[in-house]
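Heads up, the thing below is written out as structure tokens.
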Amino acid sequence: MKKLVSGTAAAIAIAFASTGHAQETKVPGYMIANYTIKDQAGFRKYMKEAGPLAPKFGGKIIVFNLNAEAVEGKPQSVMAIAEFPSVADAKRFYNSPEYTAARKFRVESTEGSVIITEGFAPPKP
């Protein structure tokens, strides 16, 4: 089964590269945060400052769970996902002066990770 999955993933990647679908289809960008809160007061400051910012950059919070259930591995307890029109928009948000000011509260009050990635867009028939 593992070879079949790997082969399928490779076939999709080749199809994207050879047909140019990856460039033609605009895919959303995601900012995914997974962390544990170490300081509630600091985290409340982060939420107050960062909470209203994503929509200003075309983003919306699609997942925010303070007690996400781990079914594999050892992830942190908080899972947050913000969707943006593109990776460029997600990066604009993350690097904006407004979010940079708010981000310091999250960095100081949590332990975990944040990634920015593009979403998946299936090839057009």
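Okay, here's what the table says:
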item: Check on Ala70, surrounded by fewer than 17 Cβ atoms within 10 Å (Cβ to Cβ) and farther than 15 Å from Ile115 by Cβ; result: yes
item: Val107 being over 24 Å from Glu69 (Cβ atoms), surrounded by 15 or more Cβ atoms within 10 Å (Cβ to Cβ) and not acidic (Asp, Glu); result: no
item: Any hit, segment 107-122, residues being closer than 12 Å to Gly29 by Cα, more than 13 Å from the chain's Cα centre (by Cα) and in a loop (DSSP other than H, G, I, E, B); result: yes
item: Criterion (among the basic types (Lys, Arg), within 13 Å of Tyr30 (Cβ to Cβ) and not in a strand (DSSP E or B)) met by exactly one of Lys91, Lys56, Lys74; result: Lys91
item: Some residue of segment 34-48 being under 23 Å from Ser113 (Cβ atoms), open to solvent by 40 Å² or more (accessible area, probe 1.4 Å), of a type in the set (Ser, Thr, Tyr) and modelled with pLDDT of 95 or more; result: yes
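The values are calculated or read from the model by the stated rules, or taken from the named source; none is laboratory data. Just so we're clear, the structure is a prediction, and the values are computed from it rather than from any experiment. Every residue, glycine among them, receives a Cβ derived from its backbone with ideal geometry; neighbour counts consider all protein chains shown. Accessible surface areas use protein heavy atoms only, side chains included; no ligands, DNA or RNA. Shrake-Rupley method; radii C 1.70, N 1.55, O 1.52, S 1.80 Å.
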